[in-house]
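Chemist: Supplied in structure tokens, the structure appears directly below.
The values are calculated or read from the model by the stated rules, or taken from the named source; none is laboratory data. Only a predicted model underlies this, so the values are computations on that prediction, with no experimental measurement involved. Note that each Cβ is placed from the backbone with ideal geometry, even for glycine, and that neighbours are counted across all protein chains shown.
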Amino acid sequence: MATETLISWNAPEHFYVEKHPDWYWAVGIVTLTLAAVCFILGSIIPGIFVVVAAVALVLHASKPPRIVYHEVNDRGLVVDDILYPFLTLDSFWIPHDEAIPKIIIKSRKTFMPYIVLFIEEIDPEKVREIMLRYISETEHHEPLLKHVLEWLGF
């Protein structure tokens, strides 16, 4: 059975903040401090893990986001070739007070409770009308950890 594309758009996969040299210095100082504490306390493996995790984090945070294809079809939501069927989605919310329009989707999955997608390329009201055909609209807010990480520049 063929699926019918109801609306599609391209958007960055996450919010990107340009990193300044001070940001790298701060991450480096915090990393070295945590690693030094681990080494002083005799915890060699956690100390090595802190350094490796910080390097991976800096490499990932420094890379600009990819532009990802998004689609709402009659079966679900497609994000870069991954289908999220409407049966696994609980509800959605489009905040109207955000500078960059986005849709917050609550999933029924345990390890991925929220999906946040940017919708700056298209009319948010049109996305809302289409989504209302399949799932309910309930006010959602992004998790606090996501706001903290964005504030820290990740």
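Chemist: crowded, with 17+ Cβ neighbours inside 10 Å and either touching a residue at least 24 places away in the same chain (Cβ under 8 Å) or touching a Pro at 6+ places or on another chain (Cβ under 8 Å) (or both): is that true of ILE94 in this structure? Step through it out loud before you land on a result.
Modeler: Working: crowded, with 17+ Cβ neighbours inside 10 Å: yes; either touching a residue at least 24 places away in the same chain (Cβ under 8 Å) or touching a Pro at 6+ places or on another chain (Cβ under 8 Å) (or both): yes.
When the stated conditions are applied, ILE94 passes them.
Chemist: Something else: I'm told VAL72 meets every condition in (1) over 18 Å from ARG133 (Cα atoms); (2) in contact (Cβ under 8 Å) with a residue 40 or more places away in the chain except one. Can you identify the failing condition by its number?
Modeler: Of the numbered conditions (1) over 18 Å from ARG133 (Cα atoms); (2) in contact (Cβ under 8 Å) with a residue 40 or more places away in the chain, the odd one out for VAL72 is (1).
Chemist: So, VAL51, is that one over 20 Å from ILE100 (Cα atoms), in a strand (DSSP E or B) and either modelled with pLDDT of 90 or more or acidic (Asp, Glu) (or both) or not? Step through it out loud before you land on a result.
Modeler: Working: over 20 Å from ILE100 (Cα atoms): yes; in a strand (DSSP E or B): no; either modelled with pLDDT of 90 or more or acidic (Asp, Glu) (or both): yes.
In short, no.
Chemist: Here's a follow-up. Kindly indicate the residue of the range 59-75 that is among the hydrophobic types (A, V, I, L, M, F, W, C) and more than 10 Å from ALA11 (Cβ to Cβ) and also surrounded by the most Cβ atoms within 10 Å (Cβ to Cβ) among those meeting that condition.
Modeler: Keep residues of the range 59-75 that are among the hydrophobic types (A, V, I, L, M, F, W, C), which gives 59, 61, 67-68, 72.
Next, from what is left, pick out any that are more than 10 Å from ALA11 (Cβ to Cβ): 59, 61, 72.
On the way: LEU59: 9, ALA61: 18, VAL72: 22.
Ranking the qualifying residues of the range 59-75, first place goes to VAL72.
Chemist: Please pick out the residue among ILE100, ILE122 that is β-branched (Val, Ile, Thr), more than 21 Å from GLU4 (Cβ to Cβ) and surrounded by fewer than 17 Cβ atoms within 10 Å (Cβ to Cβ).
Modeler: On the way: ILE122 fails: more than 21 Å from GLU4 (Cβ to Cβ).
Sole residue among the options that is β-branched (Val, Ile, Thr), more than 21 Å from GLU4 (Cβ to Cβ) and surrounded by fewer than 17 Cβ atoms within 10 Å (Cβ to Cβ): ILE100.
Chemist: Tell me, please, whether a residue that is modelled with pLDDT of 90 or more, under 19 Å from TRP151 (Cβ atoms) and surrounded by 13 or more Cβ atoms within 10 Å (Cβ to Cβ) can be found in the range 36-45.
Modeler: no
Chemist: Outside the structural domain of PRO124 (by TED's automatic domain parsing) and part of a helix (DSSP H, G or I), is that true of LEU57? Even if it seems obvious, please write down each step before you answer.
Modeler: On the way: outside the structural domain of PRO124 (by TED's automatic domain parsing): yes; part of a helix (DSSP H, G or I): yes.
Taking the combined requirement at face value, the residue satisfies it.
Chemist: For residues in the range 76-91 being aliphatic (A, V, I, L, M) and either outside the structural domain of TYR114 (by TED's automatic domain parsing) or in a strand (DSSP E or B) (or both), which is surrounded by the most Cβ atoms within 10 Å (Cβ to Cβ)? Even if it seems obvious, please write down each step before you answer.
Modeler: From the range 76-91, those aliphatic (A, V, I, L, M) are 77-79, 82-83, 87, 89; that's our starting set.
Add one more test, that the residue is either outside the structural domain of TYR114 (by TED's automatic domain parsing) or in a strand (DSSP E or B) (or both), and what stays is 77-79, 82-83, 89.
Numbers: LEU77: 24, VAL78: 17, VAL79: 17, ILE82: 9, LEU83: 14, LEU89: 20.
Looking at residues that are aliphatic (A, V, I, L, M) and either outside the structural domain of TYR114 (by TED's automatic domain parsing) or in a strand (DSSP E or B) (or both), I get LEU77.
Chemist: Does the range 7-46 hold any residues that are over 23 Å from the mean Cα position of the chain (by Cα) and over 21 Å from ALA61 (Cβ atoms), and which are they?
Modeler: ALA36, VAL37, CYS38, PHE39, ILE40, LEU41, GLY42, SER43, ILE44, ILE45, PRO46
Chemist: Can I ask one more? Could you look through the range 1-35, keep only residues that are assigned to a helix (DSSP H, G or I) and of a type in the set (Ser, Thr, Tyr), and pick out the one that is surrounded by the most Cβ atoms within 10 Å (Cβ to Cβ)? Reasoning before the result, please.
Modeler: Residues of the range 1-35 assigned to a helix (DSSP H, G or I): 21-35.
So of that shortlist, the ones also of a type in the set (Ser, Thr, Tyr) come out as 24, 31, 33.
Details: TYR24: 13, THR31: 18, THR33: 11.
So, considering only residues that are assigned to a helix (DSSP H, G or I) and of a type in the set (Ser, Thr, Tyr), the one surrounded by the most Cβ atoms within 10 Å (Cβ to Cβ) is THR31.
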